[in-house]
Amino acid sequence: PLERRGVIGSLRPVQVGILAVGLTLAVVMMRTLGSGAGVIAALALVVVAVALVAGADWTIAVRAGVAMVALQVSIGALNDVVDVERDAGRKLAKPIPAGLVSRQGAQVVAIVAAVVGLGLSATLGPAVLAIAVLSLALGYGYDLVARGTAWSWLPFTIALPLLPAYGWLAATGE
């Protein structure tokens, strides 16, 4: 774990390298994997990179990353369920319009992924679980309420800064 004299002043060159590589890979994944998978991979990489920089061992960092993937899959699956009519005939690459999964199947994915993400988060400590719950609530809030409104920016504005906190708390507990 880092000393208490400030995060930036405490980073060793290898930690800065881990963070830089993680963030670079996150951007590359967002651009190459497509919107949904790329964003999910990028968010998980940010969590993993921050956890490693904060001093987590690989098992903790990967568990935090997998938990974040599960939470984001849940949010994305709910979004697909909510947007079934909107996506029909327009977004054939999406799982439901493409016939890869039914609406009910996507609902099951959303529930199972939420349970997995919250369960893994709980193993990382109560503060991490609290951020996971808040992140899920913000994502669901976007999907169910804010999307397409003047307030659609708000859930993202609150949720994105939670990612480094999630990774840091997974590693340090504080």
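The values are calculated or read from the model by the stated rules, or taken from the named source; none is laboratory data. Predicted model only: the values in this text are computed from it and were never measured. Ideal geometry is used to build each Cβ from the backbone, glycine not excepted, and the neighbour counts take in all protein chains shown. Keep in mind that these areas ignore ligands, DNA and RNA; they rest on the heavy atoms of the full protein, side chains included. Shrake-Rupley method; radii C 1.70, N 1.55, O 1.52, S 1.80 Å.
Select from the stretch 72-95 the residues that are buried (at least 20 other Cβ atoms within 10 Å of the Cβ) and either small (Gly, Ala, Ser) or assigned to a loop (DSSP other than H, G, I, E, B) (or both) and list them in ascending order.
Matches in the stretch 72-95: 74, 76, 77, 94.
Find all pairs meeting these conditions: Cβ atoms under 9 angstrom apart; at least six residues apart or on different chains; first residue within the stretch 55-70 and at positive phi; second residue in a helix (DSSP H, G or I) and surrounded by fewer than 20 Cβ atoms within 10 Å (Cβ to Cβ).
What qualifies is 55/15; 55/172.
Yes or no: residue 113 of a type in the set (Gly, Ala, Ser), open to solvent by less than 30 Å² (accessible area, probe 1.4 Å) and in a helix (DSSP H, G or I)? Walk me through how you get there before you give the answer.
Numbers: of a type in the set (Gly, Ala, Ser): yes; open to solvent by less than 30 Å² (accessible area, probe 1.4 Å): yes; in a helix (DSSP H, G or I): yes.
Spelling it out, residue 113 is indeed of a type in the set (Gly, Ala, Ser), open to solvent by less than 30 Å² (accessible area, probe 1.4 Å) and in a helix (DSSP H, G or I).
Taking only the stretch 149-164 into account, find how many residues are over 15 Å from residue 61 (Cβ atoms), out of contact with any Phe, Trp or Tyr (no Cβ under 9 Å at 6 or more places or on another chain) and part of a helix (DSSP H, G or I).
4
Of the residues 127, 114, which single one is free of Cβ contacts under 8 Å to residues at least 60 places away in the same chain, within 17 Å of residue 43 (Cα to Cα) and not charged (D, E, K, R)? Can you show your working first?
Details: 127 fails: within 17 Å of residue 43 (Cα to Cα).
From the options 127, 114, the qualifying one is 114.
For the stretch 122-148, which residues satisfy the criterion of being under 20 Å from residue 77 (Cα atoms) and either outside any helix (DSSP H, G or I) or open to solvent by 40 Å² or more (accessible area, probe 1.4 Å) (or both)?
133, 134, 137, 140, 142, 144, 145, 147, 148
Among (1) closer than 28 Å to residue 169 by Cβ; (2) at pLDDT below 80, which single condition is residue 31 missing?
(1)
Quickly run through the stretch 96-106 and pick out the residues that are open to solvent by less than 80 Å² (accessible area, probe 1.4 Å) and part of a helix (DSSP H, G or I).
Within the stretch 96-106, the subset open to solvent by less than 80 Å² (accessible area, probe 1.4 Å) is 96-99, 101-102, 105-106.
Those that are open to solvent by less than 80 Å² (accessible area, probe 1.4 Å) and part of a helix (DSSP H, G or I): 105, 106.
Does residue 65 qualify as being at pLDDT 90 or above and either open to solvent by 30 Å² or more (accessible area, probe 1.4 Å) or hydroxyl-bearing (Ser, Thr, Tyr) (or both)?
no
For residues that are among the acidic types (Asp, Glu) and modelled with pLDDT of 85 or more, scanning just the stretch 80-130, find the one that is farthest from residue 169 (Cα to Cα). Write out each step before concluding.
Here is the first cut: in the stretch 80-130, the residues among the acidic types (Asp, Glu) are 80, 83, 85, 87.
Then drop every residue that is not modelled with pLDDT of 85 or more, which leaves 80, 83.
On the way: 80: 30, 83: 34 Å.
Top of the filtered list is 83.
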